[in-house]
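We did not get these values from a lab; they are worked out from the coordinates using the rules stated. Since we're looking at a predicted model, the values are computed, not measured. Cβ atoms come from the backbone with ideal geometry, glycine included; neighbour counts cover every protein chain shown.
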Amino acid sequence: MAADLPVPYWREKALEDMTTTEWEALCDGCARCCLNKLEDWDTGQIVWTNVACQLLDDASCRCSDYPNRTVNVPDCIQLTPEEVRTLTWLPATCAYRLVREGKDLYWWHPLVSGEPDTVHQAGVSVRGRTVSEAGIEIEDYEDHVVNWPMQIPRKAKRRPEK
């Protein structure tokens, strides 16, 4: 019976109460946070690009040097509970944002589905949709503005039928 199942940790723990292992597992592997964003200095508006961090492996949507990312990419933002509470650009699908807002994870999140590839199958990840920042001048980022990182794909909203 469902009532006998243990409550998943992300439903009962605050972000700051999670262990390092729980915190890391909360990342769904979409890599949307690894996309470069542009901020309008006058309005503060954030726009997304499909220009990915030079360390992003586009196929796996994982950092190619995760342990050293903040050394190799000094402006890499290491998510913490404090950052999650203040960053306005976290995508609506982001598990950290969902937990902060008291919402549950989507069906495709690996902690729910049990499969790491469901984030890609649901069309949430950046797989195959990025260009590396290596070799692209910052002035050219405007040529790569996209709106999909803040959207929830239709197939991500509903669990596929079996």
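Summarising the amide proton neighbourhood of L87: residues at separation of 5 or more, or on other chains, whose placed amide H is nearer than 5 Å comprise an empty set. A Cβ-based charge dipole, computed about the Cα centre of the chain with Lys and Arg at +1 and Asp and Glu at -1, lands at about 920 debye. The distance between label points at R85 and I136 comes to 3.3 nm (points 7 Å beyond Cα on the Cα→Cβ vector).
Kindly identify segment 56-139 as rounded, prolate or oblate by the Cα gyration tensor criterion: order the square roots of the eigenvalues as a ≥ b ≥ c, call it rounded if a/c is under 1.5, otherwise compare a/b with b/c, prolate if a/b is larger, else oblate. Kindly include the intermediate steps, with their values, before the conclusion.
Details: a/c = 1.89, a/b = 1.27, b/c = 1.49.
Cα axes put segment 56-139 in the oblate bin.
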